[in-house]
Structure formats: structure tokens, C-alpha cells
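Heads up: the structure comes next, in C-alpha cells.
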Amino acid sequence: MPVVAIDGPAGSGKSTVARAVARQLGVAYLDTGAMYRSVALAALDHGIDPSDGPALAKLAGGLDIDVGDRVLVDGADATTAIRGADVTAVVSTVSAHPEVRAELVRRQRQWAEEHGGGVVEGRDIGTVVFPDAGVKVFLTASEEERARRRQRDEQAPDVATVAADLARRDSLDASRAASPLRPADDAVVIDTTGRTVDDVVDEVVGLL
């Protein structure tokens, strides 16, 4: 089974689509964003400055991160905690450090080797982690649609606040020096605005 790389910004539907594609294909699925969120959570718990790359890299190198149906960080269930507002506020800063990315990319490639491929979703899967992936997809959606989805998922009080946070994260992710958020040159770009999950999943599976 080749690697199916699914990238895109927050709210584009990549987690929902990636899980469904993996389920339909009967293969393993990896949410790489959960890995970066795990490091961000650990940094907050240990009082490490999100801008301190060397300290974060040392932290990441020693963390036991298990991403599956539940997310375990050093054996503790962090499934809910990594989605908290405090982690969301710093995860783009934490994930911008090349030292942190190098450690987690190593783990992501190891995961694919151990599972014989699978569906991997994130922000740099097709460009950096698996540039030779069998299928590369970059999901996108209108800003309004993405904000509505995030508000629903996070149960946030208003769309405007969520939209502002998405714009901030988009800017950080797209402008970072290490593995910026962008479609791979050979990726298929799919706009999920107004489309059903099943419709998008069928298109991705069809690419195989």
C-alpha cells in the first residue's frame, strides 16, 4: 500500500476525509497534527517557551507519543487536551522550529515503514515527509466554510473569532522557513466547499 498524503489548512476537512479514506481502504491512518499538538501540550506542561527551538527539540526527542484512536503522551491520555485553546494558540509556533519538525518527520517516516504505507495527513506530507507518495492531495475550502467548520468542531462562541484565529495560523504555517504549508507541485488540489465527505472521499480513492 503506498502512502496517501493529504495536506491542507485547518478546517479544510483533511482529518475527516483522511480517516474516511483510510477506513474505506482498510489501511492505517496517521494524524501528524496530533503529534505537533502533543509536543505543544508537553511544552506548556513543562513551562517551555514555544519560541525556544532547542529546548523544544530536546523535549520532543524524549517524548513517548502514540497517535491512534486515542492520543497518548508519555502514557497519559491527551486526546482532549491537545485540542484545547491553549494548545491551539501555540502549536503553529512550536511546529515552526526545524529541530522539532526533523524529529517528528523521522517518526512519521518510521510509522509508514512499520505500517507498510497508509493515509497520512498534515501540512507538509506531500512536500517534505513523503515527496514520493503514491497519491498527493491538498484540500482547501473557502475561509467562511473553514471558519464555520471550526466553530462547530470547537464549539466556539462566534465565527469571527474562529476566522481570525484561522487567518493567524494560516499566515504562520505558510510563511515559516521550515516546511511551509503549500500544495506539492504534483498534488491534486480539491476544494471541499459545499461538498459532502463521501463525495470528496470517492474522488481521493479514485486517484488510486
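Coordinate-derived values only; no laboratory data. Just so we're clear, the structure is a prediction, and the values are computed from it rather than from any experiment. As a convention, Cβ positions derive from the backbone with ideal geometry for all residues, glycine included, and neighbour counts pool all protein chains shown.
Over all Cα atoms in the chain, the spread is summed up by Rg and Dmax: 16.1, 46 Å. If you wrap the Cα atoms of region 33-114 in a convex hull and average its projected area over all directions, you get 4.9 nm².
Phi angles across region 5-22 convert, under the Karplus curve 6.51 cos²θ - 1.76 cosθ + 1.60 with θ = phi - 60°, into 3J(HN,Hα) values of 9, 10, 10, x, x, 4, x, 7, x, 5, 5, 5, 5, 4, 4, 5, 5, 4 Hz, Gly and Pro given as x.
Nearest 5 percent is fine: what portion of the DSSP beta bridges confined to the chain is antiparallel?
Values: 5 of 21 bridges.
Taking every DSSP beta bridge within the chain, about 25 percent pair in antiparallel fashion.
The relative contact order of the chain comes to 34 percent, based on Cα pairs under 8 Å that sit 6 or more residues apart.
If you take the Cα centroid of region 67-94 and the Cα centroid of region 14-64, the two points sit 7 Å apart. Our helix-only sum for the chain, with -39,500 (n - 2.57) per DSSP H run of n ≥ 4 divided by its residues, gives a mean residue ellipticity at 222 nm of -16000 deg cm²/dmol.
Rounded to the nearest whole Hz, the Karplus-based 3J(HN,Hα) values (6.51 cos²θ - 1.76 cosθ + 1.60, θ = phi - 60°) of region 109-118 follow the sequence 5, 5, 4, 5, 5, 5, 9, x, x, x, with x at glycine and proline.
Assuming R0 = 30 Å, what is the FRET efficiency of S51 and D77, from their Cβ-Cβ distance, to the nearest 0.05? Before the final figure, lay out each step's value.
Numbers: r = 28 Å, r/R0 = 0.93.
Result of the calculation: an efficiency of 0.60.
Under a 10 Å cutoff between Cα atoms, tell me which one of E103, E114, E145 has the largest fluctuation in the Gaussian network model of the chain. Among E103, E114, E145, the largest mean-square fluctuation in the Gaussian network model of the chain belongs to E114. Under 5 Å between amide hydrogens, built in the peptide plane, is the criterion, and for V189 it picks out F138 among residues at least 5 positions away or on other chains.
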